[in-house]
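The values are calculated or read from the model by the stated rules, or taken from the named source; none is laboratory data. None of these values were measured; they are calculated from a predicted model. Cβ coordinates were reconstructed from backbone atoms using ideal geometry, including for glycine residues, and neighbour counts include every protein chain displayed. Please note that ligands, DNA and RNA were not included when accessible areas were found on the heavy atoms of the full protein model with its side chains. Shrake-Rupley method; radii C 1.70, N 1.55, O 1.52, S 1.80 Å.
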Amino acid sequence: MRCTHRIFCLYTHSCRGIVRSTGAGMGCPDWPKCFGQWVPPTSEEQLPEGYENYYTQKRVEKNKKLAGYLNALGFSSLAYDISNDPMVLEEQPFNPTKTWIEYVNRLVGVVIGLFIFATLVFSVPFAFSNKKAYFWLAFLAFILVGIEGWIGSIVVSTNLMPWMITVHMLLALFIVLILERLIFKVMDHDEVDLPARFKVILWVGLILSFVQIVLGTQIRESIDEIALAFGNSQRELWIGELGLGFYIHRSFL
């Protein structure tokens, strides 16, 4: 259980950080396969002719279905944004390094999903005892990992739509908290009586940490848009375009 938690934390902070910093998020234009293969290609010669248009069209079709569901649920504005985002039509050129960075990220995610499933299996006996919380926390983590995988597919189909990346990251952190809570209960730390002031400090720290993470994610996404607007040149001007959020994030880090 603790092993699962540590691996998930490492994955959340390391693997995803590497994917984001290297710009490898669209290294695989489809999901769950990569260029339609379980073992990704290593050169463009291994790809079919016209693959760019093929995967662009696949994303458009998937987004239309997603927009239809959102419209049915009353999220018409969000459905419109997804259906009419021009970035969906921009296909990134094939880069074997980025492709394999993204694919390794996915493989690690699958392994972690299996660990969390194993945690659920071993927690089943507790579902019929006075320690039901063990089972329900493991069950919740397992369900959320499945949702996280689905959101990952939406991140790909929307071609890294900024707010989708933020949702993807926040859900991963929420899963970390659930696993942390499960470990806390298993180690019988629930009876620890912390001073009220200390609890307030912990909650404030947790909330501010999440705010910092959201700001950092949004700033990183803004950098991508600014870099595109400047044609990846004049880097000295980029920070000036970030706005107040950057200075808040920088000052309170």
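Every residue, every condition in (1) under 29 Å from Leu244 (Cα atoms); (2) at pLDDT below 85; (3) loosely packed, with under 10 Cβ neighbours inside 10 Å; (4) touching a Pro at 6+ places or on another chain (Cβ under 8 Å), yes or no:
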position: Val176; (1), (2), (3), (4): no, no, no, no
position: Asp188; (1), (2), (3), (4): no, yes, yes, no
position: Val200; (1), (2), (3), (4): yes, no, no, no
position: Ile207; (1), (2), (3), (4): yes, no, no, no
position: Phe210; (1), (2), (3), (4): yes, yes, no, no
position: Glu221; (1), (2), (3), (4): yes, yes, no, yes
position: Ile226; (1), (2), (3), (4): yes, yes, no, no
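In the range 87-103, what residues are part of a helix (DSSP H, G or I) and among the charged types (D, E, K, R)?
Listed by number, the residues that qualify are Lys98, Glu102.
Residue pairs whose Cβ atoms lie under 8 Å apart, separated by 6 or more positions or on different chains, with the first residue in the range 104-123 and under 21 Å from Gly17 (Cα atoms) and assigned to a helix (DSSP H, G or I) and the second at pLDDT 90 or above and of a type in the set (A, V, I, L, M, F, W, C), are Ile112/Val145; Gly113/Val145. Select from the range 47-81 the residues that are closer than 17 Å to Gln92 by Cβ, open to solvent by 70 Å² or more (accessible area, probe 1.4 Å) and outside any helix (DSSP H, G or I) and list them in ascending order. Pro48, the sole residue that qualifies. Of all residues in the range 73-103, those that are among the β-branched types (Val, Ile, Thr) and either free of Cβ contacts under 8 Å to residues at least 12 places away in the same chain or under 19 Å from Met169 (Cβ atoms) (or both) total 2.
Results for (1) in contact with a strand residue (DSSP E or B) (Cβ under 8 Å, 6 or more places away or on another chain); (2) open to solvent by 20 Å² or more (accessible area, probe 1.4 Å); (3) under 30 Å from Trp38 (Cα atoms); (4) modelled with pLDDT of 90 or more, shown as yes or no for each residue.
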residue: Ile112; (1), (2), (3), (4): no, no, yes, no
residue: Ile116; (1), (2), (3), (4): no, no, yes, yes
residue: Thr119; (1), (2), (3), (4): no, no, yes, yes
residue: Lys131; (1), (2), (3), (4): no, yes, no, no
residue: Leu137; (1), (2), (3), (4): no, yes, no, yes
residue: Phe142; (1), (2), (3), (4): no, yes, yes, yes
residue: Gly146; (1), (2), (3), (4): no, yes, yes, yes
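Among the candidates Pro40, Pro93, Pro32, the residue that is surrounded by fewer than 17 Cβ atoms within 10 Å (Cβ to Cβ) and over 19 Å from the mean Cα position of the chain (by Cα) is uniquely Pro93.
Given the criteria open to solvent by 40 Å² or more (accessible area, probe 1.4 Å), of a type in the set (A, V, I, L, M, F, W, C) and either touching a residue at least 24 places away in the same chain (Cβ under 8 Å) or closer than 23 Å to Asn63 by Cβ (or both), does Met164 qualify? Here the answer is no, as Met164 does not meet what is asked.
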